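See structure below.
The values are calculated or read from the model by the stated rules, or taken from the named source; none is laboratory data. All values reported here derive from a predicted model rather than from experimental measurement. Cβ coordinates were reconstructed from backbone atoms using ideal geometry, including for glycine residues, and neighbour counts include every protein chain displayed.
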Amino acid sequence: MKIPLTYILRNLVTRRLTTGITVLGVALVVFVFAAVLMMAYGVQRTLILTGSDENVLISRKASNGEISSIIDRETASIILTLPHIARTPEGAPIASSEPVVVINLNKVDGGISNVTVRGVSLQAFALRPQVRLKSGRMFNWGARELVAGSAIERRFAGSKIGDKVRFAGDEWTIVGTVDAGGAGFDSEVWGDSNQLLDAFNRTAYSTITFKLDRPDAYRDFVAAFEREPRLQQFEPKTERRYFEEQSELMAMFIRVLGIFITVIFSAGATIGAMITMYAAVANRTVEVGTLRALGFRRRSVLAAFLTESLLLSGIGGGVGLLFASSLQFFTVSTLNFGSFAELEFSFALSPTIALSSLLFALVMGLLGGFLPSVRAARLNIVNALRSS
Amino acid sequence: MDPIIRVHSVSKSYWRDSFEIPVLNNISFDVPGGEFLALMGPSGSGKTTLLNLIAGIDRPDKGSLHVAGTDIATLNESRLAKWRSTHIGFIFQFYNLIPVLTAYENVELPLLLTSLSKQERRRHVETALTVVGLQDRMRHYPKQLSGGQEQRVAIARAITTDPTLLVADEPTGDLDKRSADEILTLLDRLNKEFKKTIVMVTHDPRAAEKAHVVRHLDKGEFSQN
Ligand SMILES: Nc1ncnc2c1ncn2[C@@H]1O[C@H](COP(=O)(O)OP(=O)(O)O)[C@@H](O)[C@H]1O
Ligand SMILES: [Mg+2]
C-alpha cells in the first residue's frame with residue numbers, strides 16, 4: 001500500500017542542492033538549540049559536580065548565595081556540637097567554617113571579573129578530597145597566602161604562582177594551584193579562613209560545611225538541627241544540593257533566552273522546509289497524478305511527502321547535533337548570576353538534550369511539510385495529469 | 001457475453017469560473033471484451049475526458065458507467081482506487097514514468113498495491129519487461145532510455161498486474177514514426193496474443209488502422225464516419 005522509501009530517498013538525492021540547503025537551515029537551528037541547552041546543562045553539571053552528597057552546608061536562611069550568608073562564631077560552635085558530624089581520629093570535626101568574598105581580577109583576555117575567594121579551615125581538604133594540589137605548594141596557615149583554582153590560573157592575569165594579589169588592604173601571594181576536576185572550586189581562590197576574617201575585619205563566617213559521619217545520616221542530622229532553637233535562622237542542605245541551586249538561575253536564564261531565540265530562528269527553517277516541499281509537490285504533480293491513477297491512496301501520497309519532509313529535517317537535526325556535540329571539547333567562562341562570580345564550565349551533552357534536539361528538528365519538518373503534503377494529497381488526479 | 005465497458009447516457013461538464021463547459025453530451029456505447037477501440041476526434045472534443053471516465057479517474061455528472069462488471073460511478077474513492085489497481089492499465093502520451101525509479105522499479109510500482117510477495121513481483125516484472133522486449137534494460141532509469149523505450153516500460157507497467165482493460169491516451173503522440181510503429185505493433189500483439197481489451201485515444205490515422213473499431217468524437221458527441 002505504501003509508496004516505497006527508495007522513491008522518497010532518491011528524490012532527496014536528486015535535488016541535492018535544495019535538500020542540502022534545507023538540511024543546513026535545520027542543522028543551524030538545531031545546532032544553536034543544542035548548544036544553548038548544552039551550555040545551561042554545562043553550568044548545572046559543573047556546580048552539581050562541585051558539591052558532595054556526603055557533605056552538609058549550613059547557610060543563613062533567605063541568603064541567596066554564600067557571600068550574603070552570615071554565621072557568627074557562636075552559632076558556628078553550636079553547629080559543630082551537633083551529632084552526625086564526621087570526626088578525625090583525634091576528635092576534630094571534619095568541617096570548614098568559611099568566609100566567602102568576591103574580589104575583582106583582570107581577565108587574561110581583557111576586562112575585569114569577580115572571583116570567589118574562600119577562606120577554609122584545616123579540615124577543608126579532608127572534607128573535599130577532590131581538590132588537589134596541582135603545582136607549587138599549599139598556603140601556610142597563618143600567612144597571607146593563597147592557592148588558585150586551575151580555571152583562575154588559566155583565565156586571570158596575575159594569578160600564577162609567585163604573583164601577588166591586592167585586596168582587603170593587603171598583598172596576598174599565590175603559592176600554588178589546585179585542581180578540582182572541572183568543578184566550581186576550579187574557579188575559586190582559597191586561603192586561610194582566619195587570615196581572611198582578619199584582613200576584612202570580620203568576625204562572622206559565610207557558611208559552614210562538614211562531612212556526615214555516615215553517608216545516610218542527613219535526615220537524622222536535619223532532625224537534630226531543627227530541634228536546636230538557636231539555629232532557627234539557618235538552614236542545612238547537602239553540599240551538592242546547595243551548589244546545584246546556585247546554577248539554577250543561570251541555567252534557567254540561558255535556557256529561556258536561548259530557546260526564545262531558537263524558536264524565532266526555527267520559524268525561518270520551518271518556512272525553508274515548507275518552500276522546499278511546496279516546490280517538490282509542484283515539480284512532481286504529474287507523478288502524484290500517475291501514482292494516484294495507478295491506485296495509490298491520498299494517504300499514501302500524504303505519508304510519502306511527510307516522510308520526505310521529516311527525513312530532511314531529521315538529517316538536519318542529526319547534522320546540527322553532530323556539530324553541537326563537538327562543543328563538549330570547549331570550556332567557557334562567564335559570570336554566574338547565582339554566585340556573582342566567574343565560573344568556568346564546559347558544554348555538556350545529555351541524552352535528553354540529544355533527544356529534544358532531534359525532536360525539535362522533526363517538529364520543524366512536520367510543520368514545514370504538513371501543508372505541502374496536504375496539497376499533494378488533495379490533488380485532483382485528472383488535473384494533476386493534465387499539468388504535464 | 002456482457003460487454004466489458006457499458007457507457008450509458010454519460011454527460012460531463014467542467015466549470016471555469018462560473019461558465020459551464022460542456023464536454024461530453026449524453027454518450028452511450030458498449031465495448032465487448034477483446035476489442036481494440038480507437039477514439040478519434042479534434043482536439044478538445046472530449047476524448048481524454050471520456051477515457052478518464054472509463055478508467056475511473058474522473059466521474060460523470062450524469063449517466064452510468066459499467067466497467068469490468070462494476071458500476072464505477074457509484075464507488076467511493078478508496079474502492080475506486082482499488083478497482084483501478086486491479087482492472088486498469090494506464091498508458092500516457094508522455095509515458096509518466098517516475099524519473100527516480102529504474103525501469104524495474106517503475107514496472108513493480110502497481111504490484112506494490114497487490115499482496116504479491118517480492119519473488120512473485122520479480123517474476124511479474126520480468127515477464128512484463130520481456131513482453132515489451134526490454135528485459136536487458138531493467139536497471140536503467142527513464143533518462144537513460146529513448147522515448148520509444150520509455151513508452152515500452154510504461155506499457156510493461158500497464159500490463160504487469162494483468163488488468164482487464166488497457167487505456168492509452170495518444171500513446172504515440174510524442175514518438176517518431178519508427179518508435180510509434182513499434183508501440184502500435186506491441187499494442188496489437190497485446191490485443192491479439194494476450195486478449196487485452198484496449199481503448200486508445202489517437203490523432204494518428206495509422207494508429208487507428210490497428211484498431212477494430214474507430215469512433216469519432218466531435219463536441220462531446222459521436223459523429224457518423
Ligand atoms: N479540468 C478541466 N477544467 C476545465 N476544463 C477542462 C478540464 N479538462 C478538460 N477541460 C476542457 O474540456 C474539453 C475537452 O477536453 P479533453 O477531454 O482533454 O479533449 P481532448 O482529449 O479530446 O483533446 C476541452 O475544452 C478542455 O479545455
Ligand atoms: Mg486529450
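Before we move on, is A:Ser339 at pLDDT 95 or above, surrounded by 22 or more Cβ atoms within 10 Å (Cβ to Cβ) and more than 14 Å from chain B (Cβ to nearest Cβ)?
No; evaluated as a whole, the condition is false for this residue.
Taking strands (runs of 3 or more DSSP E) that do not extend beyond the stretch B:121-225, which have at least 2 residues that are of a type in the set (Asp, Glu), closer than 20 Å to B:Ile4 by Cα and within 16 Å of ligand 1 (Cβ to nearest atom)?
Qualifying strands (runs of 3 or more DSSP E): none found.
With respect to B:Thr102, is the statement that it is β-branched (Val, Ile, Thr) and within 13 Å of ligand 1 (Cβ to nearest atom) true?
It is false that B:Thr102 is β-branched (Val, Ile, Thr) and within 13 Å of ligand 1 (Cβ to nearest atom).
Please state which one of B:Gly33, B:Gly41, B:Gly69 is in contact with a strand residue (DSSP E or B) (Cβ under 9 Å, 6 or more places away or on another chain), away from ligand 1 (no atom under 16 Å from the Cβ) and either within 10 Å of chain A (Cβ to nearest Cβ) or not acidic (Asp, Glu) (or both).
Every option except B:Gly33 fails the conditions.
Just one of A:Glu287, A:Glu344, A:Glu308 is under 30 Å from A:Ala62 (Cβ atoms) and either of a type outside the set (Phe, Trp, Tyr) or buried (at least 23 other Cβ atoms within 10 Å of the Cβ) (or both); which is it?
A:Glu344
Which residue is surrounded by the fewest Cβ atoms within 10 Å (Cβ to Cβ), if the candidates are limited to the stretch B:72-102 and must be in contact with a Leu (Cβ under 7 Å, 6 or more places away or on another chain) and more than 9 Å from chain A (Cβ to nearest Cβ)?
For the stretch B:72-102, the residue satisfying everything is B:Ala73.
Residues are listed down the side, and each one gets a yes or a no for (1) surrounded by fewer than 16 Cβ atoms within 10 Å (Cβ to Cβ); (2) assigned by TED's automatic domain parsing to the domain that holds A:Glu98; (3) not polar (S, T, N, Q):
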| site | (1), (2), (3) |
| --- | --- |
| A:Thr207 | no, yes, no |
| A:Tyr218 | no, yes, yes |
| A:Phe225 | no, yes, yes |
| A:Lys237 | no, no, yes |
| A:Arg240 | no, no, yes |
| A:Ile254 | no, no, yes |
| A:Phe260 | yes, no, yes |
